[in-house]
Amino acid sequence: MDIVQRNLFRLLRSGAFNTAEEIEPMSAFKWTRLYQCAIMHHIVPYVYDGIERCRSQFFVHLTAKQEKDWKQTLREEMALAEQQHNEMDEDELLRPDRLTNPLLNSRLQEILDDEYSDIATRQLLLIIIRIVRHLFNEGMPILQLTELGLFLRDPNNHINYITFNRWTARLHLTQMTQLTGEFLIKIFKFTEDEIPFLKEDKDKPVERIAQELIEFTNTRSQNWYFSQQDGGIFVHNSNSSATFSHVRRSARYFRYYPSESVTNFFASFLHSLSHIEE
């Protein structure tokens, strides 16, 4: 992990979880890179809160233009978040997230429709589902992992982990949930006691994959859509390396979620074909 990534995670932990962090010295260019990473992962508010908390440190220094850019982006993201909140209806907390595997998705919708289960446990399941989908289609889910960490540390969330573990087993999500727990430990310095769904037996490949993904090889899904040249009959890919990245991600997760990784890849592939003119 390079210095930009290390400082990004330190500021993110400081801003989201109020941890004490020591920031390493960086050039103005690297501070700009950190700002761009924060935008890419939609974590500007958390990271800027971290900057404010670490402001007294000698190595936390932004240029006037960088300060202006951070504050402008912060205002824009906060305005967008407020707009989304105002448009949220009463069922939004349990909006119908989906899996691409028809059988697993049917099971997921049954779980979400179960009015006798508590909302907090269903919310935790949805957060895990969103993390998995982001891993398959986008890469490292920094924002979603931050939200998961905040959710787990909120004392008002009373989660039935026996029910949660039963659900993840029914959805074949157990190993992906384990991977998520490893992320919380490596990125946010959570302890194992803070992650009740983490298995005691560590899976070494899971730990290795978690470390690899933290290196941010984050190719956006829209970069590998297929398109058609104007007036032409040949179809080309907008980003061939992104296509291979998507293939590698699907192959990497096949062991941990085979029933969803295959259907997700073909669903994404078919979606890319929809960008071709008929």
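The values are calculated or read from the model by the stated rules, or taken from the named source; none is laboratory data. The model shown is predicted, which means the values in this text are computed figures rather than measured ones. Neighbour counts run over all protein chains shown; Cβ positions are idealised from the backbone, glycine included. Heavy atoms of the whole protein, side chains included, go into the accessibility calculation; ligands, DNA and RNA do not. Shrake-Rupley method; radii C 1.70, N 1.55, O 1.52, S 1.80 Å.
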Using a 1.4 angstrom probe and counting only protein chains, how large is the accessible area of Tyr35 in Å², to 10?
-> 40
Label point distance in nm, Gln57-Leu150, each placed 7 Å from Cα along Cα→Cβ | 2.1
How long is the gain from Glu82 to Arg6 if the chain were fully straight, where each residue apart is worth 0.36 nm and the alpha carbon distance is subtracted?
-> 24.4 nm
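Let me check something: with ligands and nucleic acids excluded, how do Phe29, Phe151 order by accessible area (1.4 Å probe), largest to smallest? Provide the component values of the computation, followed by the final result.
Numbers: Phe29 145, Phe151 25 Å².
Largest accessible area first, the residues go Phe29, Phe151.
Between Lys30 and Leu74, what FRET efficiency follows from the Cβ-Cβ distance if R0 is 22 Å, with the result rounded to 0.05?
According to the calculation, E is roughly 0.65.
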Between Glu67 and Glu22, the FRET efficiency computed from the C-beta separation at R0 = 25 Å comes out, to the nearest 0.05, as 0.70
Which order do the peptides 108-114, 70-76, 140-146, 166-172 take when ranked by the mean count of other beta-carbon atoms within 10 Å per residue, highest first?
-> 140-146, 166-172, 108-114, 70-76
Of Ser27, Ser117, ordered by accessible area with the largest first and a 1.4 Å probe, the sequence is Ser27, Ser117
Using the Cα centre as the reference, give the magnitude of the dipole from point charges on the C-beta atoms of the stretch 157-204 (Lys, Arg: +1; Asp, Glu: -1; all else neutral), rounded to the nearest 20 debye.
-> 180
Of Ile159, Val132, Ile119, which is farthest along the charge dipole of the stretch 100-195 in the positive direction, counting Lys and Arg as +1 and Asp and Glu as -1 at C-beta?
-> Val132
State, as an integer percentage, the relative contact order of the stretch 3-65 based on alpha-carbon contacts under 8 Å between residues 6 or more apart.
-> 44
